[in-house]
Amino acid sequence: MGIALAYIYTDWFDFLKGKAVDYSAPFYWVTDLADEAEDWADNRMMSRARLIQENEQLRTELLVHKRKLQQMASLAAENVRLRELLNSAESLNDRVLITELIGVSPDPMVHKVIVNRGSDHGVYKGQALLDASGLMGQVVEVGNQSAQVLLITDVTHALPVQINRNGVRLIAEGIGDLYQLEINHISNTTDIRVGDLLVSSGLGQRFPVGYPVAEITEIIVDPGRPFVRALARPKAELNRSRHVLLVFDPTLAEQG
């Protein structure tokens, strides 16, 4: 009898203890909720910080790749210009020297540039400078490793030219504008048209004959005067060319 009662009591006690464990579980869960919330907040902060860091890293990598693309585009464009320059050099009968512009006059009224070739490379005063499109100017000062070139657009520069279509001789003068030359004292009866190509005439013994100089863009007629005036756009890209050609004329080289 005593054993039976003990058995019943034990089962009943275990039943109550199990229920107590079940009922106390939510209290443990609520107690642990603060720690879980803190862990969740920490993880969220770490994830946000990691995302910000990754975002900054990706932005940096993107900028690096964009810079590389820009350099590649610049190199590709430069290769095109060099090929044009080499093709131009091959079409010339005179000996040429490829050089690079390394300086430009800081005075906007003075159209002079510096090239990285000098007397050590055979450069001489009066030597013509061209790019792939046309005549740019002539050497006016020579150092050992560099030379100074006066551009055809400088206000002090005047260049004997002729109309390629008919051989009419004119003088193209610089007016301080990289995009324009002026031709004055043209007779009213002169056969000159918009679109005519002007080339070097060789007169004055400063430039070889036949190099493209400019294209006539406008003819200005004053009915009360016996002469007309014309404007022409230089064929050379005076504000863009970097790699250029120095042309050797044997007669000028001897004089220089």
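Express the accessible area of the stretch 99-256 per residue in Å², computed with a 1.4 Å probe while the remaining protein chains stay in the model.
The answer is 48 Å² per residue.
If the chain between Glu141 and Ile219 were fully stretched, how many nm would it gain, using 0.36 nm times the residue separation less the Cα-Cα distance?
The Glu141-Ile219 span can extend by a further 24.6 nm.
Take His111, His121 and sort them by solvent-accessible surface of the protein heavy atoms, 1.4 Å probe, largest at the top.
Of His111, His121, the descending order of accessible area is His121, His111.
If you count only protein heavy atoms and use a 1.4 Å probe, how large is the accessible surface of Phe227, to the nearest 10 Å²?
Estimated to the nearest 10 Å², Phe227 gives 100 Å².
Treat the stretch 101-256 as a sphere of radius equal to its Kirkwood radius over Cα pairs and apply Stokes-Einstein at 20 °C in a medium of 1.002 mPa s; give the translational diffusion coefficient in µm²/s, rounded to a whole number.
135
Which residues' amide hydrogens lie under 5 Å from the amide hydrogen of Val168, considering only partners 5 or more residues apart or on another chain, with H built in the peptide plane?
Ile163
Whole percent per 5 Å bin, from 0 to the bin with the longest distance: what is P(r) over all C-alpha pairs of the stretch 119-189?
Calculated over all Cα pairs of the stretch 119-189, the distribution is 4, 15, 21, 22, 17, 11, 6, 3, 1, 1 percent.
Using R₀ = 30 Å, calculate the FRET efficiency as 1/(1 + (r/R₀)^6) where r is the Cβ-Cβ separation of Arg59 and Arg240; round to 0.05.
0.35
Take every Cα-Cα pair in the stretch 107-149 and report what % of them are more than 14 Å apart.
Summing the P(r) tail past 14 Å for the stretch 107-149 gives 45 percent.
Taking the alpha-carbon set of the stretch 186-243, what are its Rg and Dmax in Å?
13.9, 46
Quick one: ranking Met109, Met136 by accessible area, 1.4 Å probe, largest first, what do you get?
Most to least solvent-accessible, the answer reads Met109, Met136.
The values are calculated or read from the model by the stated rules, or taken from the named source; none is laboratory data. Quantities reported herein were computed from a predicted structural model and do not represent experimental measurements. Don't worry about glycine lacking a Cβ; one is built from the backbone with ideal geometry, like all the others, and counts go over all protein chains shown. We work out accessible area using only protein heavy atoms, side chains counted, and drop any ligands, DNA or RNA first. Shrake-Rupley method; radii C 1.70, N 1.55, O 1.52, S 1.80 Å.
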